[in-house]
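Q: One structure, as structure tokens, below. Some questions next.
None of the figures in this text is laboratory data; all of them are computed from the coordinates on show. Computed from a predicted model, the values in this text were never measured in an experiment. Note that we place each Cβ from the backbone using ideal geometry, even for glycine, and neighbour counts take in every protein chain shown.
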């Protein structure tokens, strides 16, 4: 009797432990789908972004540890804060600050910074991130770039 009580107790604790861990893993996987990646801007307001549109490659990185965002708008570096609501795919950027270098080449920078001000939700599909405003068409698309 004593032996079966220990066995049942250990089994119950194991199930509880593993079910808690699997829930956390799912949440972490959803977070990892967006954060800690180099997201290269490939389209803004329906227009393809090419090397003709920037002096430096426009990108963003969402850091999960401190909810910071940093990147480049096409000429100037920027940083700020973001908030994610993973359950509803909501996103908000705030306190965005950038360097103010003079850029000779025309860039997508102004449109990129406007996207960060207005985006309120996101969609991740494989290695593509879309930033959206309400239910409108994507206002920006990014592709994940992996270092080798």
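Q: Run the simple label-point estimate for residue 79 and residue 57 please: 7 Å along Cα→C-beta, distance reported in nm.
A: Result for the modelled spin labels: 2.1 nm.
Q: Here's another thing I want to ask about it. For residue 38 paired with residue 64, estimate the spin-label separation in nm (one decimal), with each label point 7 Å from Cα along the Cα-to-Cβ line.
A: For the pair residue 38/residue 64, the computed spacing is 1.9 nm.
Q: Convert 20 °C to kelvin, take the viscosity as 1.002 mPa s, use the Kirkwood radius over C-alpha pairs of the range 30-139 as Rh, and evaluate the Stokes-Einstein diffusion coefficient in µm²/s, rounded to a whole number.
A: The diffusion coefficient I find is 152 µm²/s.
Q: What's the Cα-based Rg to Rh of the range 92-148, Rh via Kirkwood?
A: A ratio of 1.02.
Q: Any idea what the relative contact order of the range 35-145 is, in percent, if you count C-alpha pairs under 8 Å spaced at least 6 apart?
A: After rounding, I find 28 percent.
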